[in-house]
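Report on one structure; see the data block that follows.
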Amino acid sequence: LNRDILDESIKKITEKRVVIDVGSSAPFNRQLSRYKSLFKNIRYYALDINFHPELDIIADIQNLPLKNNCIEAVICRDVLEHVPEPFKAIDEIHRILNKGGLLFISTPFLYPYHAADGQKDLYRFTKDGLEYMFRNFGEMKLQPCGGYINTMLNFMTGFKFRNCFFIDIFEKPLSILLGFLRRKAINRLHHPAKFNILLKK
């Protein structure tokens, strides 16, 4: 639970030949930019419902204009909470992935409302909900990001210092102390800021 699976997931995905970045708003947006060099020898396509001049495909994740089993890997970061029908979106991703295809997905749980640019912020997903949502995939690796203390401190500071080095330093010792006082260890799966998930069809 303590190992960040983002690096591992992106490296596995870049071993594939065809990758589609769904809901990216722009190619190599945000965290993905630091991995751009890994994509130089593969076919990478960026897809979003809203127009951007650098996008390869303008489409709705709930109705992808792609054939069955035609994509080897999909990246879908922080998108599901904005989609009216997330189960339909996951069915579409599952449909376009070929056998053995990979999906890396991230989605928030204990995280503030963040609608912007005409989007809506509709959902939050628990561990149990995600396991049910991805039940048709063959393999699933789920990682909670930001434990109870990290999430609590972020809420207390209005999320102005999220991903802050100093907040991360306090996470483990304060979790141990609070667990000792409660006489019950804190389960990170129950209180994360978000989940990173790597799936195989």
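Of note:
- Rounded accessible area per residue of segment 23-133, 1.4 Å, Å²: 53
- For segment 119-125, 3J(HN,Hα) per residue [Karplus equation, 6.51 cos²θ - 1.76 cosθ + 1.60, θ = phi - 60°, Hz, x = Gly/Pro]: 6, 10, 10, 9, 9, 10, 10
- Phi-based couplings in Hz for segment 42-48 (Karplus 6.51, -1.76, 1.60; Gly and Pro marked x): 10, 8, 10, 10, 9, 10, 7
- Surface calculation, 1.4 Å probe, protein heavy atoms: HIS190 sits at approximately 110 Å² accessible.
- Cβ-Cβ FRET estimate between ASP128 and LYS12, R0 fixed at 22 Å, reported to 0.05: 0.30
- For segment 1-103, applying the loop criterion from DSSP together with a ceiling of 11 other beta carbons within 10 Å to the trypsin sites (Lys or Arg not before Pro) yields ARG3, ARG17, LYS40, LYS67.
- Restricting segment 80-152 to chymotrypsin sites (Phe, Trp or Tyr not before Pro) in coil, as DSSP defines it, with at most 15 other Cβ within 10 Å: TYR113, TYR123
- Accessible area of CYS70 (1.4 Å probe, protein heavy atoms only, ligands and nucleic acids ignored): about 50 Å².
- Taking all protein chains together and rolling a 1.4 Å probe, ASP7 ends up with roughly 70 Å² accessible.
- Under Stokes-Einstein, with the Kirkwood radius over Cα pairs as Rh, the value for segment 1-160 at 20 °C and 1.002 mPa s is 129 µm²/s.
- Prolate/oblate/rounded label for segment 24-72 (Cα gyration tensor, a/c 1.5): oblate
- Residues in segment 1-31 reached by a label modelled at LEU189 [backbone nitrogen below 15 Å; 7 Å Cα→Cβ]: 1-3
- Carbon-plus-sulfur accessible fraction, segment 1-91 (probe radius 1.4 Å, protein heavy atoms only): 48%.
The values are calculated or read from the model by the stated rules, or taken from the named source; none is laboratory data. Nothing here was measured: the structure is a model prediction, and the numbers come from that model. Because the Cβ atoms are built from the backbone with ideal geometry, glycine has one as well, and the counts that use them run over all protein chains shown. To get the accessible areas, we keep the full protein, side chains included, count just its heavy atoms, and leave off ligands, DNA and RNA. Shrake-Rupley method; radii C 1.70, N 1.55, O 1.52, S 1.80 Å.
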